[in-house]
């Protein structure tokens, strides 16, 4: 899996994410994580897959292994860039707005 220095991300996470009733707002987490992924992962769309696995499945546990594999399968069979997987993952985690936030977060830093 991808080894990375989380100090920068944790600092950004604290600043970007809004708190609601003592809990971190899920859309803020999604936006911060996918903006981080979009900023620091270069190469083809497949280059982001192991990075996403590390964050989405292992770190945040938003999806199970099976859900992540299903999301990748959907991304592979649909036309367009593979990195649009981020939108589908966002949808699985937080519905329509999760998809919007995840897709914007991964594409805007480019």
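The values are calculated or read from the model by the stated rules, or taken from the named source; none is laboratory data. If you're wondering where the values come from, they're calculated on a predicted model, not measured in any experiment. When we count neighbours, we look across all protein chains shown, and the Cβ atoms used for this are built from the backbone with ideal geometry, even at glycine.
Looking at region 74-81, can you tell me whether even one residue there is surrounded by fewer than 18 Cβ atoms within 10 Å (Cβ to Cβ), modelled with pLDDT of 90 or more, in a loop (DSSP other than H, G, I, E, B) and touching a helix residue (DSSP H, G or I) at 6+ places or on another chain (Cβ under 9 Å)? Steps first, answer last, please.
Within region 74-81, the subset surrounded by fewer than 18 Cβ atoms within 10 Å (Cβ to Cβ) is 74, 76-81.
Okay, now just the ones that are also modelled with pLDDT of 90 or more, so none.
No - not one qualifying residue is present in region 74-81.
If you check 71, 94, which single one turns out to be surrounded by 13 or more Cβ atoms within 10 Å (Cβ to Cβ) and closer than 14 Å to residue 27 by Cβ? Please lay out each step first, then the result.
Details: 71 fails: closer than 14 Å to residue 27 by Cβ.
Just a single option satisfies the conditions, and that option is 94.
If residue 52 passes every condition in (1) within 16 Å of residue 102 (Cα to Cα); (2) free of Cβ contacts under 8 Å to residues at least 40 places away in the same chain; (3) more than 10 Å from the chain's Cα centre (by Cα) but one, which one does it miss?
Against the list (1) within 16 Å of residue 102 (Cα to Cα); (2) free of Cβ contacts under 8 Å to residues at least 40 places away in the same chain; (3) more than 10 Å from the chain's Cα centre (by Cα), residue 52 comes up short only on (3).
Looking only at region 26-60, filter to residues that are surrounded by 14 or more Cβ atoms within 10 Å (Cβ to Cβ) and in a loop (DSSP other than H, G, I, E, B); which one of those is modelled with the highest pLDDT?
That would be 60.
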